[in-house]
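A short write-up of the structure that comes next.
The values are calculated or read from the model by the stated rules, or taken from the named source; none is laboratory data. Computed from a predicted model, the values in this text were never measured in an experiment. Cβ coordinates were reconstructed from backbone atoms using ideal geometry, including for glycine residues, and neighbour counts include every protein chain displayed.
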Amino acid sequence: MANNLAGSSDFENKCWEISKTGEYYTIKLSGSPSGDQIAAFEQGLPEIYNGPTFYNVVIHCGDLGDISLPWVRSLISLQKKIQSTNKHMRLINVTPTVVAYFKQQGVDKTIPICPTLRDAMVVFGMVTKKLIDVEFINPFLTATMHVLKIQASTSSTAGKLSMKQDKTKHLGDISGVIGLVSDSFNGSVVISFPEDTFLKIMSRMLGETYTEINQEIQDGAAELTNMIFGQAKVALNSKGYGLKTAIPSVVSGKNHSVQSVTNGPQVVIPFETDVGQFYIEICTSG
């Protein structure tokens, strides 16, 4: 949980907020900060670079309408102090207007900018550029096991990851598909069930016995996919991946296929349950 350290609450036009979350500080700039507020703003900064432990700094500029030269100088000064501690400062979500002003003042190469929070996390060494890795995959595995346990009273265990060669064909008879969309990458997650496994999971989830896949329970594949994605998204976005909300779809039928949205690597993780196997397929492209 972020702890608020300083702000402009004494001013009618609040233009900044400083907080610490995990291993980095966040400064949010908004509106049109005036030059007479800089002194108050800078009073809260020593907490960042004078403590026994040094931290990276992210400056959110998405709500920043414009910026004046005195504020630019203050940010450059902060950048130098952060750099002297062998840490990094990055501005993110900077609007075209502010970028143009930086260029006009000749400081666009001096003030370091990243497009998104995730890009800043890469610079900080907190997120790897390689998306198909343990850090990215594990939230989906954890979410899958949790959702099946809670929604269908089914315990599941993840098996050994492998690379998938044919990206169009899925291993099950019905699949929930959801897109992965962020400012820095895209891809998809597919949860694919053999018919027998799916029927037994849906029977537990809905409290009735099903012997064939019909329209009523097809929606269950989308519902499970959406719940798994939602939980994984929260965990990944706390690490800076910036995943956006997406709507799942369902594809069914023997040997069904889905056209991949990216040419990136695709991995398959099999899951074992007491009602049979199912599979998660993850594909991304940076």
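Report, by residue number, each residue of segment 89-122 that is out of contact with any helix residue (DSSP H, G or I) (no Cβ under 7 Å at 6 or more places or on another chain) and among the acidic types (D, E).
Passing the criteria: only D119.
Would you say I67 is buried (at least 21 other Cβ atoms within 10 Å of the Cβ) and assigned to a loop (DSSP other than H, G, I, E, B)?
Numbers: buried (at least 21 other Cβ atoms within 10 Å of the Cβ): yes; assigned to a loop (DSSP other than H, G, I, E, B): yes.
Spelling it out, I67 is indeed buried (at least 21 other Cβ atoms within 10 Å of the Cβ) and assigned to a loop (DSSP other than H, G, I, E, B).
So which of L141, L161 is surrounded by 18 or more Cβ atoms within 10 Å (Cβ to Cβ), farther than 16 Å from S238 by Cβ and at pLDDT 85 or above? Lay out the reasoning, then the answer.
On the way: L161 fails: surrounded by 18 or more Cβ atoms within 10 Å (Cβ to Cβ).
Result: L141 is the single residue among L141, L161 that is surrounded by 18 or more Cβ atoms within 10 Å (Cβ to Cβ), farther than 16 Å from S238 by Cβ and at pLDDT 85 or above.
If a residue must be of a type in the set (S, T, N, Q), crowded, with 21+ Cβ neighbours inside 10 Å and more than 26 Å from the chain's Cα centre (by Cα), how many such residues does segment 194-231 contain?
The number of residues fulfilling the criteria is 1.
Find the residue count for segment 205-250, including only residues that are aromatic (F, W, Y), under 28 Å from V58 (Cβ atoms) and touching a helix residue (DSSP H, G or I) at 6+ places or on another chain (Cβ under 7 Å). Before the answer, list the steps.
From segment 205-250, those aromatic (F, W, Y) are 210, 229, 241; that's our starting set.
So of that shortlist, the ones also under 28 Å from V58 (Cβ atoms) come out as 229, 241.
The next check asks that each one be touching a helix residue (DSSP H, G or I) at 6+ places or on another chain (Cβ under 7 Å); those that pass are 241.
Qualifying residue count for the region: 1.
Looking at segment 34-53, which of its residues are modelled with pLDDT under 90 and either in contact with a helix residue (DSSP H, G or I) (Cβ under 6 Å, 6 or more places away or on another chain) or not in a helix (DSSP H, G or I) (or both)?
The answer is S34, G35, G44, Y49, N50, G51, P52, T53.
Restricting to segment 64-110, give me the number of residues that are within 19 Å of Q37 (Cα to Cα) and either among the basic types (K, R) or not assigned by TED's automatic domain parsing to the domain that holds T26 (or both). Spell out how you get there, then give the answer.
Step one: list which residues in segment 64-110 are within 19 Å of Q37 (Cα to Cα), which gives 64-79, 98.
The next check asks that each one be either among the basic types (K, R) or not assigned by TED's automatic domain parsing to the domain that holds T26 (or both); those that pass are 73.
Looking only at that region, the number is 1.
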